[in-house]
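K.L.:
Dropping a structure here in structure tokens format, bear with me for questions.
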């Protein structure tokens with residue numbers, strides 16, 4: 001980053017390309033780095049999904065519920081993998097991708113949690129260093 005405290009040069013920030021990939025019909029599709037708008041859309045969709053799941057749990061599954069869930073999955077996967085031709089896939093593959101993405105997300109969250117816990121533990125250990133005895 002720039003040494004100038006009056007300028008935050010985001011153009012110098014190197015965004016790391018994701019190595020998470022889906023291969024479909026011999027073509028690799030990399031996971032996109034989400035923009036703020038795409039992130040917000042994902043959060044809204046997650047709330048919609050929870051609402052839909054709650055509705056299904058209380059009233060049972062209807063055909064429109066199934067359609068709504070597939071539409072949510074399709075748009076979510078399309079945001080994460082914009083080059084992936086989701087509409088050309090069989091529905092089974094869509095559900096397979098979504099399950100894989102949930103597993104991947106859980107692994108990432110678990111790894112980040114362990115990393116944060118290690119940092120907190122390290123910081124606590126540093127803060128608890130014993131003072132040398134006065135002579």
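K.L.:
Have a look at 19, 11 and point out the one that is over 14 Å from the mean Cα position of the chain (by Cα) and farther than 19 Å from residue 94 by Cβ.
P.N.:
Going through 19, 11 in turn, the sole match is 11.
K.L.:
Could you please find all residues in segment 58-94 being under 14 Å from residue 29 (Cβ atoms), in a loop (DSSP other than H, G, I, E, B) and over 15 Å from the mean Cα position of the chain (by Cα)?
P.N.:
83, 84, 85, 89
K.L.:
Among the residues of segment 23-56 satisfying the criterion of being in contact (Cβ under 8 Å) with a residue 40 or more places away in the chain and under 14 Å from residue 75 (Cβ atoms), which is surrounded by the fewest Cβ atoms within 10 Å (Cβ to Cβ)?
P.N.:
For segment 23-56, the residue satisfying everything is 34.
K.L.:
Mind telling me which of the residues 80, 95 ends up being in contact with a helix residue (DSSP H, G or I) (Cβ under 9 Å, 6 or more places away or on another chain), at pLDDT 90 or above and closer than 25 Å to residue 17 by Cβ?
P.N.:
Going through 80, 95 in turn, just one is in contact with a helix residue (DSSP H, G or I) (Cβ under 9 Å, 6 or more places away or on another chain), at pLDDT 90 or above and closer than 25 Å to residue 17 by Cβ: 80.
The values are calculated or read from the model by the stated rules, or taken from the named source; none is laboratory data. What you see is a predicted model; the values in this text were computed from it and never measured. Ideal geometry is used to build each Cβ from the backbone, glycine not excepted, and the neighbour counts take in all protein chains shown.
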